[in-house]
Amino acid sequence: ETIQGTGENGRVSKKDIENFLKRRAPQTAAPAAAPLPAWEQPGSGDLFRPTEEVFGKPAAPAAPKPVAVAPGDGDQVLPLSPMRRSIAEHMVRSKATAPHVTTVSEADMSRVLAHFAAHKADFEKQGVKLTYTPYFVQAVVYGLQQTPLVNAQFTEQGIIMKRELNIGIAVAIPDGLIVPVIKHADDKSLLGLARAVNDVASRAREKKLQPDELTGATFTITNHGVFGSLFGTPIISQPQSAIMGMGAIQKRAVVIDDAIAIRPMMYLSLSFDHRLLDGAMGDMFMNKVIHYLENYPAA
């Protein structure tokens, strides 16, 4: 490349040379800033997080997308009944609402069975079938009276201490599960509870319960032992804080005063809302229920 002179008769001047050199100088870009170490990059490192990210309100977890399941060849798709759909929605909502904890204990049912055998015929004479469920209701009522927090309900505004003791009784029916409520269970005798349990269970199976007989429970029991189950982990009925399951009564070898004895034993399982109840309170309630059952008057 030649230098074009701008002087007299085309002579190249000093200025022409300087301008030429300026045009030939490489255009160097400013050096890129070195990347910050990971711990200095807000939000991207393990050692540094912006204050608003640390102390800000956590984002709500995204709702899980239902898994699409396509029926295979020869499969049959049964439509969901309104009851099954309602049960499914409530179970999912309960597990999403309350952090469930389940504790399991066992009770010696000797004294309850002795009382049952001694009074079954007397109840039948009065037209009432005696089952184990009324005994369970009595024991739960005693436990709730001793540990009233188990009868409470958790809300974001505070803990609601329920005044009434209304016990839900889970009843299996052909197309699902229904939970009629024994209102003011603490006001009823064993005979009164037996009448009430038989009445609501019978009308539940006949689908003759009134809407108000299905609401207002403060605690629920489920006697899954009638189907041979030893113990389970029942799901809380919202907005209650706990539910108790009673397993099958079986004769088992136990140690009493350093001697082996055969006793009718029953497992009890308590599922409770850990937002409201800690393990110590759950076990305290369970111990009260067991104490009541194991010390039931035999006469």
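The values are calculated or read from the model by the stated rules, or taken from the named source; none is laboratory data. Since the model is a prediction, treat every value here as computed from it, not as a measurement. Using ideal geometry, Cβ is built from the backbone for each residue, glycine included, and neighbour counts are taken over all protein chains shown.
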Extreme residue, nearest to Leu144 (Cα to Cα), among residues of segment 158-193 that are in contact with a strand residue (DSSP E or B) (Cβ under 8 Å, 6 or more places away or on another chain) and of a type in the set (Lys, Arg): Lys162
All positions within segment 244-299 that are buried (at least 18 other Cβ atoms within 10 Å of the Cβ) and without any contact (Cβ under 8 Å) to a residue 40 or more places away in the chain: Gly245, Gly247
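Okay, residues lined up against (1) among the hydrophobic types (A, V, I, L, M, F, W, C); (2) at pLDDT 90 or above:
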{"site": "Gln27", "(1), (2)": "no, no"}
{"site": "Ala32", "(1), (2)": "yes, no"}
{"site": "Phe48", "(1), (2)": "yes, no"}
{"site": "Ala62", "(1), (2)": "yes, no"}
{"site": "Gly72", "(1), (2)": "no, no"}
{"site": "Arg93", "(1), (2)": "no, yes"}
{"site": "Ala96", "(1), (2)": "yes, yes"}
{"site": "His100", "(1), (2)": "no, yes"}
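Return the residue satisfying two criteria in turn: it lies in segment 68-89 and is out of contact with any Pro (no Cβ under 8 Å at 6 or more places or on another chain) and among the β-branched types (Val, Ile, Thr), and of such residues it is surrounded by the most Cβ atoms within 10 Å (Cβ to Cβ). Show your work before the answer.
In the first step, residues of segment 68-89 are kept if they are out of contact with any Pro (no Cβ under 8 Å at 6 or more places or on another chain); the result is 68-76, 78-89.
With among the β-branched types (Val, Ile, Thr) added as a condition, the list becomes 69, 87.
Values: Val69: 8, Ile87: 17.
By that ranking, first place goes to Ile87.
Only residues that are assigned to a loop (DSSP other than H, G, I, E, B) and among the aliphatic types (A, V, I, L, M): list them for segment 141-163, please.
We begin by selecting, within segment 141-163, every residue assigned to a loop (DSSP other than H, G, I, E, B); these are 147, 152, 156-157, 161-163.
Correct list: Ala152, Met161.
From the residues in segment 205-237 that are over 22 Å from Ala139 (Cβ atoms) and surrounded by 17 or more Cβ atoms within 10 Å (Cβ to Cβ), which one is farthest from the chain's Cα centre (by Cα)?
The first filter runs over segment 205-237 and keeps only residues over 22 Å from Ala139 (Cβ atoms), leaving 205-215.
Pick out the ones that are also surrounded by 17 or more Cβ atoms within 10 Å (Cβ to Cβ) and you get 209, 213.
Numbers: Leu209: 27, Glu213: 24 Å.
Step by step, filter segment 205-237, then rank; the result is Leu209.
Considering only residues that are aliphatic (A, V, I, L, M) and under 30 Å from Pro79 (Cβ atoms), which ones fall in segment 143-186?
Quick first cut of segment 143-186, residues aliphatic (A, V, I, L, M) only: 144, 149-150, 152, 159-161, 165, 167, 169-173, 177-179, 181-182, 185.
Scanning segment 143-186 gives Ile169, Ala170, Val171, Ala172, Ile173, Leu177, Ile178, Val179, Val181.
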Considering only segment 119-153, state which residues are over 21 Å from Ser237 (Cα atoms), of a type in the set (Ser, Thr, Tyr) and either buried (at least 23 other Cβ atoms within 10 Å of the Cβ) or under 24 Å from the mean Cα position of the chain (by Cα) (or both). Tyr135
In the set Val77, Val67, Val104, which member is outside any helix (DSSP H, G or I) and modelled with pLDDT under 85? Val67
Might you let me know whether segment 182-191 holds any residue that is in contact with a Lys or Arg (Cβ under 9 Å, 6 or more places away or on another chain), farther than 26 Å from Arg85 by Cβ and surrounded by 15 or more Cβ atoms within 10 Å (Cβ to Cβ)? yes
